[in-house]
Amino acid sequence: MTAALTAAPGAGPVRLRATASDRIAWLALGAVALLLLVFLAAPLLALLLQSVQDPKGAFVGLANFASYARSPTLWQSLWNSLWVSTLVTIVVVPAAFVFAYALTRSCMPGKALLRGITLIPLLAPTLLSAISLIYWFGNQGVLKEWLQVLGIRQIYGAPGIVLAEIFAVFPHALMILVTALSAADARLYEAADALGTSATRKFLTITLPGAKYGLISASLVVFTLVITDFGIPKVIGGNFNVLATDVFKLVIGQQDFQRGAVVALLLLAPAVLTYAVDHLVQRRQTAMLGVRAVPLKPRRAPLFDTLMTAYCVVVAALMLAMLGMTVFASFASFWPYNLKPSLRHYQMGLFDAEFGEGFVNSLRMAAGTAVFGTALVFLGAYLLEKTRAPALLGSGVRLLAMLPMAVPGLVLGLGYIFFFNEPTNPLNPLYQTMTMLTLCTIVHFYTTGHLTAVTALKALDSEFEAVAASMKVPFWTTLRRVTLPLCTPTLIDIARYFFVNAMTTISAVVFLYSPETKVASIAILNLDEAGEIGAAAACATLIFAASAVATTVFWLLARLVERRTQAWKHGT
Amino acid sequence: MTPYLRLQGVVKRFGSFTALHGIDLAIERGEFVCFLGPSGCGKTTLLRVVAGLEAQSAGRIEQAGRDISTLAPAQRDYGIVFQSYALFPNLNVADNVAYGLVNRRTPKAQARERVAELLRLVGLPGTEAKYPSQLSGGQQQRIALARALATSPGLLLLDEPLSALDAIVRVHLRQEIRSLQRTLGVTTIMVTHDQEEALSVADRIVVMNHGVIEQVGTPEEVYREPATPFVADFVGRVNVLAAQALHDGRLRIGATVCEHAATGLPAAGGALQVYLRPEDVAVAASAGDFGAGASNVVPATLDKLEFLGAYCLARLAAPAVAEQGLTAVISPHFVTEHALAPGRELALRLRPERLRVFGAAAAPA
């Protein structure tokens with residue numbers, strides 16, 4: 001009898017019948033996929049197509065690349081971009097490494113404050129540091145002579161770009177390196193101590209190898225951020241051409257879309273490389289720290305701690321000097337002759353230069369990005385992690401979610417022009433609207449939000465959904481009653497990230513605004529172009545203030561949630 | 001009468017790895033069945049297939065006469081408890097237990113009543129307002145059990161429910177689960193890698209290895225009459241002795257001709273293996289103590305003594321039957337009465353009726 005029963009009924013793999021709630025989950029994931037296809041994949045494809053077409057749309061192969069390669073300006077810009085980015089990387093990574101080392105391995109006082117200060121550059125558009133440098137070392141700068149002592153003729157050009165970028169990208173490198181250095185296993189150091197190993201040898205054989213992937217990752221991220229940054233070279237670059245400003249000049253100035261697309265693809269290369277290497281590195285990094293590792297607690301060492309404190313105080317002071325100068329100058333009546341505080345620049349910026357409207361637009365865009373971006377990112381991550389998505393759809397969305405990391409804002413913005421500005425595109429009415437600016441910003445910063453959500457969801461017990469299904473509870477009920485409440489701190493974190501980045505972003509939106517939808521960071525660029533650097537400083541200060549207030553509000557919100565969930569989290 | 005749960009030719013492949021090779025199994029209504037095996041043997045995969053959390057690659061599953069092979073988890077009828085408990089940390093005990101009731105639009109008062117009843121059943125009355133993090137591991141496990149039983153499912157699935165608990169709680173809770181199951185009469189499948197746990201609670205044990213079922217039987221059958229060398233080895237301790245079949249139907253174990261009760265031995269001369277549990281090796285101070293003419297008696301030398309509380313394990317050298325020596329269970333009284341110490345000359349007897357004989361093909365002979 002058994003033999004008869006063993007015969008498998010039917011051929012092919014068994015598929016479980018889909019329930020109504022399965023179908024709803026697939027539909028929702030399909031919607032996320034569609035959104036990412038239209039607002040990420042399609043624009044990138046349009047950009048690729050543009051680079052192999054002539055202005056009339058005929059296929060010309062690599063002719064655009066060839067003609068561009070023949071122009072000497074390209075080679076100059078390429079060389080400029082490369083050496084500036086390399087120099088910044090060489091300076092920033094060791095500097096941030098020492099700072100991260102002090103934060104993780106010393107008993108330095110005031111760690112939270114020092115770390116907080118280094119995050120300042122994240123709260124303002126990158127060009128804030130460029131504006132500050134102009135006040136410090138520009139033609140009318142207070143420390144102009146210092147530059148000449150060093151043999152630098154003027155701050156405009158490469159020196160300004162390098163200095164400003166160092167400040168702007170420092171927090172990015174620091175965050176990666178702090179993470180890398182935090183993942184230390186105390187047992188390794190104890191074993192080394194037991195064997196009587198010298199401090200230098202411990203550093204070379206345990207610390208550095210442990211942070212190796214962090215260092216690689218930080219270097220690549222810094223290099224990519226610098227080479228694709230647009231705001232700083234625009235403000236302080238003078239006649240020093242780099243690839244990022246070339247794209248802008250070609251597309252906006254000369255309407256040469258084809259060559260613009262070629263340069264954009266050049267900018268895509270380092271970002272894609274960074275993405276690929278980072279992906280590999282991340283995989284190894286997770287394997288570094290076993291489950292049973294004992295976290296390292298730094299021990300007091302007076303001399304070392306003092307040295308580290310001194311270094312970090314100097315770095316923090318420089319950060320504050322950067323921010324402080326912009327703030328100070330924004331209140332000065334007439335730099336450098338009359339430094340009496342006044343609101344002249346604010347008045348001018350807010351009312352005469354339409355910055356006020358831009359500021360409101362920025363707030364609208366940031367709020368929209370925070371609300372819809374968080375919802376979209378979380379929904380996508382939830383459906384991927386917690387529902388039985390069809391394999392193809394699932395891996396498709398996963399890929400699309402990781403893609404924005406490898407796409408610089410300039411490239412994305414350019415893709416949007418090519419795709420949405422096409423009159424035959426049914427989505428053309430969206431072009432230059434607030435909706436599109438918001439969607440573009442969400443897509444631009446999608447990956448970090450996605451990864452944050454995925455990490456939080458993976459930390460939840462994977463059997464919640466199985467238990468719920470056994471009780472015939474549909475997934476949306478469990479999402480509402482369990483998953484969302486458990487992930488609230490993460491949601492707040494993602495919303496804060498979206499908000500602040502939407503406030504400060506320039507690179508993608510610079511191609512996409514109309515007079516009605518001009519955002520604050522763009523208004524700063526325009527003010528600077530018009531020579532109104534005082535008003536530009538005032539506006540940068542306002543953006544910084546808005547980001548700082550928003551960060552504080554999000555932080556308070558997180559505290560409130562933490563307090564309300566105290567009961568079930570800590571069992572008291 | 002048809003069984004309550006019937007698995008026919010269930011195969012599960014993960015890529016090129018086959019986790020389950022055509023599992024056939026029938027479970028009666030009200031039975032408590034344990035899936036027992038080492039990690040990676042497929043027992044958890046089999047449970048997840050029954051639950052619909054994994055789709056089998058081939059095969060058919062019937063529950064209460066209904067084909068559930070292709071049903072999604074929510075369309076099947078079972079309650080489940082995981083090793084991690086998977087209690088919702090942000091919901092209190094009452095909300096956790098009532099989680100499945102709320103969905104069935106059970107009136108509030110009735111749901112409250114049911115929660116109180118279930119909490120009494122698992123021995124935690126009055127804990128409604130507590131959060132999981134305020135409970136011990138054992139208490140959380142009981143709440144998970146109450147939640148799984150709340151909707152009165154026809155089948156209770158327990159995935160290593162006790163392995164995260166410490167030893168004393170584990171022993172206590174497994175008896176509670178057993179008596180609860182008896183009270184409710186709910187058909188239950190428990191996955192475990194702990195043979196003692198399986199022996200103590202199950203009506204029947206399904207011993208699995210490498211994705212196949214090695215033996216299905218009551219705890220006594222599985223322990224006393226292991227169907228394969230693997231079962232003998234995995235469930236309890238065992239001595240493995242090399243042997244040969246003789247023309248007169250007897251066995252030669254080592255250099256000694258032995259009596260036995262095994263049937264269907266192969267033709268004389270074939271190499272065999274004899275499996276014998278340590279408690280089936282009788283030990284005496286001298287051969288005479290077994291009575292005159294007792295069979296299967298050989299001299300032995302005490303090598304090592306391991307004191308384990310209620311009993312002792314004696315490692316014996318007995319070159320007449322075992323080149324590698326063998327292990328016997330002796331009582332601590334015997335040890336003190338005879339002032340045993342390593343090097344002591346003893347006698348041992350291999351109980352003929354307890355010898356399990358396996359051929360080279362690893363099938364019971």
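Every read-out reported here was derived from the displayed coordinates using simple, explicitly stated rules and does not represent laboratory data. Quick caveat, the model's predicted, so the values are computed rather than measured. As a convention, Cβ positions derive from the backbone with ideal geometry for all residues, glycine included, and neighbour counts pool all protein chains shown.
Counting every other Cβ atom within 10 Å of each residue's Cβ, A:Ser85, B:Ser84 order from fewest to most as B:Ser84, A:Ser85. Does segment B:213-341 come out rounded, prolate or oblate by the C-alpha gyration tensor, with a ≥ b ≥ c the root eigenvalues, rounded set by a/c under 1.5 and, if not, prolate when a/b is larger than b/c and oblate if not? Taking the square roots of the gyration eigenvalues as a ≥ b ≥ c, segment B:213-341 is oblate. Once you sort the root eigenvalues of the Cα gyration tensor of segment B:34-90 as a ≥ b ≥ c, which label holds: rounded (a/c under 1.5), prolate (a/b larger than b/c) or oblate (the other case)? Since a/c reaches 1.5 but b/c is at least a/b, the shape of segment B:34-90 is classed as oblate. The ranking of B:His333, A:His345 by Cβ neighbour count inside 10 Å, starting from the fewest, reads B:His333, A:His345.
Over the protein assembly as shown, dividing the summed -39,500 (n - 2.57) contributions of all DSSP H runs of at least 4 residues by the number of residues returns a 222 nm mean residue ellipticity of -16000 deg cm²/dmol.
In debye, nearest 20: dipole of segment B:5-233 around its Cα centre with unit charges on the Cβ of K, R (+) and D, E (-)?
On the way: 24 positive and 24 negative charges, 191 e Å.
The dipole of segment B:5-233 has a size of about 920 debye.
In terms of the Cα gyration tensor, with a ≥ b ≥ c the square roots of its eigenvalues, is chain A rounded because a/c is under 1.5, prolate because a/b exceeds b/c, or oblate? Oblate shape, in that a/c is at least 1.5 and b/c is the bigger or equal ratio.
Peptide B:60-68 has a mean shielding of 1, counted as Cβ atoms of other protein chains within 10 Å of each residue's Cβ. Using a cut-off of 24 Å between Cα atoms, the listed pairs A:Lys111/A:Lys297; A:Lys386/A:Lys569; A:Lys144/A:Lys249; A:Lys234/A:Lys340 include A:Lys144/A:Lys249; A:Lys234/A:Lys340 as exceeding that distance. Placing unit charges on each Cβ (+1 for Lys and Arg, -1 for Asp and Glu) gives the protein assembly as shown a dipole about its Cα centre, and among B:Ala146, A:Pro94, B:Thr127 the Cα reaching farthest toward its positive end belongs to B:Thr127.
Would you list the P(r) distribution for chain B, with all Cα-Cα distances sorted into 10 Å bins from 0 and each bin expressed as a whole %? Values per bin, smallest distances first: 5, 20, 24, 21, 15, 10, 4, 0. The modelled label-to-label distance for the pair A:Tyr337/B:Glu259, using points 7 Å beyond Cα in the direction of Cβ, is 12.6 nm. Ranked by the mean number of other Cβ atoms within 10 Å per residue, highest first, peptides A:102-110, B:128-136 order as A:102-110, B:128-136.
Quick one: B:Arg170, B:Arg142, A:Arg187, A:Arg480, fewest Cβ neighbours within 10 Å first, how do they rank?
Working: B:Arg170 19, B:Arg142 25, A:Arg187 13, A:Arg480 10.
In order of increasing Cβ crowding within 10 Å: A:Arg480, A:Arg187, B:Arg170, B:Arg142.
In terms of packing, defined here as the mean over residues of other Cβ atoms within 10 angstrom, the peptides A:249-259, A:173-183 line up highest first as A:173-183, A:249-259.
Packing-based ranking of A:312-318, A:220-226 yields A:220-226, A:312-318, ordered from highest to lowest mean Cβ neighbour count within 10 Å.
Span-like helix check, chain A: qualifying full DSSP H segments, with Cα axial length of 18 Å or more and mean Kyte-Doolittle of 0.0 or more, are A:20-36, A:72-105, A:158-182, A:208-228, A:257-288, A:302-331, A:355-368, A:446-459, A:484-504, A:533-564. In this structure, the amide hydrogen of B:Gly270, modeled 1.01 Å from its nitrogen in the peptide plane, lies closer than 5 angstrom to those of B:Ala245, counting only residues at least 5 positions away or on a different chain.
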